1. Any idea what the dipole of segment 31-135 comes to, in debye rounded to 20, about its Cα centre with Lys/Arg Cβ at +1 and Asp/Glu Cβ at -1?
2. For the residue pair D203 and E141, what label-to-label distance in nm results when each label sits 7 Å from Cα along the Cα-to-beta-carbon direction?
3. Filter the trypsin sites (Lys or Arg not before Pro) in segment 38-69 to those in DSSP coil with at most 14 other Cβ atoms within 10 Å of their Cβ, and list the result.
4. Applying 1/(1 + (r/R0)^6) with R0 = 25 Å to the Cβ-Cβ distance of A27 and A78, what FRET efficiency is obtained, to the nearest 0.05?
5. Count neighbours as other Cβ atoms within 10 Å of each site's Cβ, and list the chymotrypsin sites (Phe, Trp or Tyr not before Pro) in segment 286-344 that are DSSP loop with at most 16 such neighbours.
6. Where does the chain land on Rg/Rh, using Cα atoms and the Kirkwood Rh?
7. Classify segment 127-274 from the C-alpha gyration tensor, please: rounded if a/c falls under 1.5, else prolate or oblate depending on whether a/b exceeds b/c.
8. Counting only Cα, what are the radius of gyration and maximum Cα-Cα distance Dmax of segment 189-248, in Å?
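The values are calculated or read from the model by the stated rules, or taken from the named source; none is laboratory data. Quick caveat, the model's predicted, so the values are computed rather than measured. Cβ sites come from the backbone with ideal geometry, for glycine too, and all protein chains shown count toward neighbours. Just so you know, the surface numbers come from the protein's heavy atoms only, side chains and all, with ligands and any DNA or RNA stripped out. Shrake-Rupley method; radii C 1.70, N 1.55, O 1.52, S 1.80 Å.
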Amino acid sequence: MSALLAPDHAATLRSAAALAEAGLIPADAAQALAAVEARYAVAVSPAMRRLIARPDDPIGRQFIPDMAELATAPHERADPIADDALSPVKGVVHRYPDRALLKPLLICPVYCRFCFRREHVGPDGGLLTDAELEAAYGWFEAHPAVSEIILTGGDPLMLSPRRLGAILQRLAAMPHVRTLRVHTRIPVAAPDRVTEALVSAMDLDRPLWLAVHANHAGEFTPEARQALRRLSRGGIPLLGQSVLLRGVNDTPEALEALFRAMVEIRIKPYYLHQLDPAPGTARFHVPIAEGRALLERLRGRVTGLAWPTYVLDIPGGYGKVPIGPDYRDGDGTVRDIHGGTHVA
């Protein structure tokens, strides 16, 4: 585990019993929820713990296990976007011609109850060995059409600065790699990990973008904002990724607050994801028609800087497609934000 930035195990809540002891779930619920814990990893970081007032509030709902997770709906899949099927070597996922994922580990600071990789992530798993990393590097070197490499997982910023820097430098040294991207929840879920050493590890000759996952404006605490300012001062451009979630951000007000909070701290809202149909996540599902209506209510109400692309990752590994509101009509007219029609 020396490759990891040492986690605070004492402070992170990692079991139903610990959640009960912290007062986040009723004591009599801990035994039943142990069955959920046995199937899907539990972790509530100190930063997120401080924000939770109730298990069903917008922050608690994201991280506190629920018995509904043990029920799999007919449309749900263990590998909803075919990560496993599209993995040529361990740790690599290749879905698009010009880019591919590298998953150096499957460990996170928190475990989201809606995660599409929830069958794989957990505190015990997925740290690639040196040999496995070399095999992944070899795959990238053999595929010069791949010009962008996206580090995901798990959370790549759980790695130590030394280990993260070594991986990024190795990838950046490949002549055909033009862009690197890192997907993370660390700045909001564990902002104390965003040290100057970690920022320095991402200072490369190649452009590097950091995509920050947050789903509710409340996640941007003063500590998170400080961590994000540190990243911005380090010259790292920030993108925002969110998932549309029932009971978390499924109102125009919640989405507006989220996207405005991002823009205020120099994060460009990038994607609003339709929920991936992972097992036991049906309680978070918002129908696409409702999601489109939510975004339509924001058009003209928030700056274009705060407008993400609403996307569906088509189950089965067919890739992301935009599914946001369409203001064009079949007769060649367009609608304005007030419902009026105009000749295009």
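1. 360
2. Spacing of the two 7 Å Cα→Cβ label points: 2.8 nm.
3. Passing both the DSSP loop test and the Cβ count: R50.
4. Computed FRET efficiency for A27 and A78: 0.20.
5. Y318, Y327
6. 0.96
7. The shape class here is prolate.
8. That works out to 12.6, 42 Å for Rg and Dmax.
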